[in-house]
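Take a look at the structure set out below.
The values are calculated or read from the model by the stated rules, or taken from the named source; none is laboratory data. Quick caveat, the model's predicted, so the values are computed rather than measured. A quick note on method: Cβ atoms are made from the backbone with ideal geometry, for glycine too, and the neighbour counts reach across all protein chains shown. Note: accessible area is taken over every heavy atom of the protein model, side chains too, but ligands, DNA and RNA are not part of it. Shrake-Rupley method; radii C 1.70, N 1.55, O 1.52, S 1.80 Å.
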Amino acid sequence: MNRPTIAVIFGGCSTEHDVSLHSAAAVLKNWDSTKYRPVMIGITRQGRWLHYTGPIEQIEDGSWEQDPSCRPAMIVPDRSIHGILFADEPCAPLYVDAAFPILHGQNGEDGTLQGLLEMAGIPCVGCGMLASALCMDKEIAHKLARAAGIAVADFITLHQGREDVQTAIAQAEALGFPLFVKPVRSGSSIGITRVTEREQLGPAIEQAFQHDDKVVIEQAIQGCEVGCAILGNELCRIGAVDEMELHQDFLDYEEKYTLKTTIIHMPARFSPQKTEEIQHTALRLYRLLQCRGFARVDLFVTPSGRILFNEINTIPGLTPLSRYPRMMKEIGLSFTQVIDEMIELAVRA
């Protein structure tokens, strides 16, 4: 029986390039190689697409780009090809049954790559173009959640070169400190600053604009951050809820990937009733924002028990120690089983 050919796409131009390499290597090491045939497509930081056939370990350490096996390749929107063209063999395209984008941040998790796959007629493992774009845009996602009756932190939005910064600072100050200043379309806490006084707002806004031309300033929520993994299309599996116990102001990039002071409680320390409410809210958001395949929904829970939407990660970290696989392991699914279901949801769609 022929194994489906799956294009595993990793790397990318975003600031989360290295995170993507670790996730992609973990997926390739842990999936069932008797069921799927991988075609590894790496995207360099400069945006070059390369077909790579070397050891998986070189993806993880970043040395894959220098491997002599690399050759230019691309997914093309021509549906008659349904796959990959190679620059050195343009008359020998490779058909792929599905593509598994394992890229975090802009130009990978934001709907751009998913749109290319939709044009090419190639099934995409995970969320499609619309859901990816909606979830990546913190402003739009929060507005949709609020319109659906799901609570979010109060916030204002700034567009580079459009609003007067001093007026925006005054509006932000009215929200009350502490505040978070965030690039709208960025991940892994990159470009985020926690602000406790007016004088910090200007530099924080400037820093956020280095990563995006749209910035949100939102109230800090008193309480804890929780996450909920979801796997499925119409019918969904809902993973265990985890809880982040922070011992610093917020989960910045370094802390997110080292967890030097943060404790992750798995499962979260809530009553069964509150856990069920968190899971129900996560599933509502997953469906509201048109998610398919898989995603991790992040929420806040205040000391009074109020649940607020934070964000949806449509391509969360995918190593065995990442939050998403651990949430699924808690309900009895191994990492290999999770990857298998992710791919099957796309191939059989």
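Of the residues in region 275-282, none is on the phi > 0 side of the Ramachandran plot, of a type in the set (Gly, Ala, Ser) and buried (at least 24 other Cβ atoms within 10 Å of the Cβ). Listed by first and then second residue, the pairs with beta-carbon distance under 7 Å, at least 6 apart or on different chains, first residue in region 145-157 and touching a residue at least 40 places away in the same chain (Cβ under 8 Å) and under 21 Å from Leu283 (Cβ atoms), second outside any loop (DSSP other than H, G, I, E, B) and of a type in the set (Lys, Arg), are Ile150/Arg284; Val152/Arg146.
For the criterion of being among the small types (Gly, Ala, Ser), outside any strand (DSSP E or B), touching a helix residue (DSSP H, G or I) at 6+ places or on another chain (Cβ under 9 Å) and open to solvent by less than 30 Å² (accessible area, probe 1.4 Å), Ala268 passes. Tell me, please, whether a residue that is open to solvent by less than 30 Å² (accessible area, probe 1.4 Å) and not in a helix (DSSP H, G or I) can be found in region 331-346. Looking through region 331-346, at least one residue is open to solvent by less than 30 Å² (accessible area, probe 1.4 Å) and not in a helix (DSSP H, G or I). Just one of the numbered conditions (1) at negative phi; (2) modelled with pLDDT under 95 is not true of Tyr95: (2).
If you go through region 295-306 and keep only what is open to solvent by less than 10 Å² (accessible area, probe 1.4 Å) and touching a Gly at 6+ places or on another chain (Cβ under 6 Å), you end up with Asp298, Val301. In region 196-213, which residues are touching a residue at least 24 places away in the same chain (Cβ under 8 Å) and open to solvent by less than 20 Å² (accessible area, probe 1.4 Å)? Within region 196-213, Leu201, Ile205, Ala208, Asp212 qualify. With respect to the conditions (1) modelled with pLDDT of 95 or more; (2) open to solvent by less than 30 Å² (accessible area, probe 1.4 Å), Arg326 falls short on a single one, namely (2).
Taking the conditions (1) open to solvent by less than 50 Å² (accessible area, probe 1.4 Å); (2) farther than 28 Å from Val165 by Cβ; (3) modelled with pLDDT of 90 or more in turn, Ile217 satisfies each one other than (2). Take region 196-205 and flag every residue that is touching a Ser or Thr at 6+ places or on another chain (Cβ under 8 Å) and either in a loop (DSSP other than H, G, I, E, B) or among the hydrophobic types (A, V, I, L, M, F, W, C) (or both). Within region 196-205, just Ala204 meets the criteria. Can you say whether Ile156 is out of contact with any Phe, Trp or Tyr (no Cβ under 6 Å at 6 or more places or on another chain), within 22 Å of Leu299 (Cβ to Cβ) and of a type in the set (A, V, I, L, M, F, W, C), as far as the supplied structure shows? Spelling it out, Ile156 is indeed out of contact with any Phe, Trp or Tyr (no Cβ under 6 Å at 6 or more places or on another chain), within 22 Å of Leu299 (Cβ to Cβ) and of a type in the set (A, V, I, L, M, F, W, C).
Restricting region 80-91 to residues that are touching a residue at least 24 places away in the same chain (Cβ under 8 Å), assigned to a strand (DSSP E or B) and not aliphatic (A, V, I, L, M), the residue that is nearest to Met136 (Cα to Cα) is Gly83.
The set of residues in region 237-252 that are open to solvent by 40 Å² or more (accessible area, probe 1.4 Å) and either modelled with pLDDT of 95 or more or in a strand (DSSP E or B) (or both) comprises Arg237, Ile238, Glu245. Ile221 passes every criterion in (1) free of Cβ contacts under 8 Å to residues at least 60 places away in the same chain; (2) out of contact with any helix residue (DSSP H, G or I) (no Cβ under 7 Å at 6 or more places or on another chain); (3) not charged (D, E, K, R) apart from (1).
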